[in-house]
Amino acid sequence: VFVNSQKICGILSEALFTKNGFVGLVLGVGVNIAQQDLDHVGQPATSLTRLHIQTNEDALLQDILNRFFQSYEKLLQYGFETIRGTYLQFFPYIGKTVQIKNAAQEVTGAVQTISPEGKLVLKTPEGFTEISIGDMMV
């Protein structure tokens, strides 16, 4: 999540699979609240404190959880398409060239969209490809 082209929040997700298929998803969310020195992050970053925004950590956590669970049941019932429009509205990588690395492959291409199933759609020299998991570098 970015504010003025500076990272203020990160979301890490990890899918859990067994031999029978998908089991679940673990999400981790980190918000830069009170950090002053963010030079070590390796990319432009900011915090709520640096933006002169005061917040109560417990209230912020509760707000994040409330927003998450507002759409959770619909998401479980109807899938990613339920939130796709909103996701695309805030997704900053459309048209940008990115590199995706995962255990199976390394792919570089221009981001086209996010599919209705939630996959990243890239245009590569070989054509269009959909990526469902990996680390993205811009």
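The values are calculated or read from the model by the stated rules, or taken from the named source; none is laboratory data. On a predicted model such as this, the values are computed, not experimentally measured, just so you know. Heads up, the Cβs are rebuilt from the backbone with ideal geometry, glycines too, and the neighbour counts pull from every protein chain shown. Accessible surface is based on the protein model in full, side chains and every heavy atom, while ligands, DNA and RNA are left aside. Shrake-Rupley method; radii C 1.70, N 1.55, O 1.52, S 1.80 Å.
To test your reading of the geometry: what angle, between 0 and 90 degrees and rounded to tens, separates the Cα axis of helix 81-90 from the longest principal axis of the chain?
Result, in degrees: 60.
About the Cα centre of the chain, what is the dipole size in debye to 20, counting +1 per Lys and Arg Cβ and -1 per Asp and Glu Cβ, all else neutral? Could the numbers behind the result be given before it?
Values: 10 positive and 13 negative charges, 57 e Å.
Charge dipole, the chain, about its Cα centre: 280 debye, nearest 20.
Can you pull the percent of region 1-53's accessible area that's carbon plus sulfur, 1.4 Å probe, other chains left in place? Don't jump to the answer; show the numbers that get you there.
Numbers: 2160 of 3890 Å².
Looking at region 1-53 in its full context, I get 56 percent from C and S.
What do you get for the angle between helix 57-78 and the principal long axis of the chain? Use alpha-carbon atoms, 0 to 90 degrees, nearest ten.
On a 0 to 90 degree scale, this one is about 20.
Quick check: net charge around S132, other residues with Cβ under 12 Å of its Cβ, Lys/Arg +1 and Asp/Glu -1?
Around S132, the surrounding residues sum to -1.
Please report, as a whole percent, how much of the solvent-accessible surface of region 57-98 comes from carbon and sulfur atoms (probe radius 1.4 Å). Don't jump to the answer; show the numbers that get you there.
On the way: 1860 of 3460 Å².
The value for region 57-98 is 54 percent carbon and sulfur by accessible area.
Taking a probe of 1.4 Å, how large is the accessible area per residue of the chain, in Å²?
Values: 10150 Å² over 138 residues.
Per-residue value: 74 Å².
For the chain, how many pairs of lysine residues have a Cα-Cα distance under 22 Å, where the two are 8 or more positions apart or belong to different chains? Show your work: numbers first, answer last.
On the way: K7/K96; K7/K101; K19/K119; K74/K119; K96/K119; K96/K123; K101/K119; K101/K123.
For the chain, the number of qualifying lysine pairs is 8.
If I stretch the segment between I83 and K96 completely, what's the gain in nm (0.36 nm per residue apart, minus their alpha carbon distance), one decimal?
Result for the pair: 2.5 nm of gain on full extension.
For the chain, give the share of DSSP beta bridges that are antiparallel, in percent and rounded to the nearest 5; count only bridges with both residues there.
Around 95 percent of the beta bridges assigned by DSSP in the chain are antiparallel ones.
Could you work out the helix-only [θ] at 222 nm for the chain, with each DSSP H run of four or more residues adding -39,500 (n - 2.57) and the total divided by the number of residues, to the nearest 500 deg cm²/dmol? Please list the in-between numbers first.
Working: 2 runs with 32 residues, N = 138.
The per-residue figure over the chain is -7500 deg cm²/dmol.
Between D37 and A104, what is the label-to-label distance in nm when each label sits 7 Å out along the Cα-to-Cβ direction?
The answer from the label model is 4.3 nm.
Which one, V31, L88, L60, is farthest towards the positive end of the dipole of the chain when Lys and Arg carry +1 and Asp and Glu -1 on their Cβ?
L88
Below 8 Å, C-alpha to C-alpha, sequence gap of six or more: please give me the relative contact order for the chain in percent.
On the way: 183 pairs, mean separation 18.0, N = 138.
This gives 13 percent for the chain.
Can you give me the Kirkwood hydrodynamic radius for the chain, using every pair of distinct Cα atoms, in Å to one decimal? Intermediate values should be presented prior to the final figure.
Values: mean 1/r = 0.0581 Å⁻¹.
Result for the chain stands at 17.2 Å.
Along the positive direction of the dipole of the chain (beta-carbon charges: Lys, Arg +1; Asp, Glu -1; about the Cα centre), which of P116, I8, Q77 reaches farthest?
The one lying farthest along the dipole's positive direction is P116.
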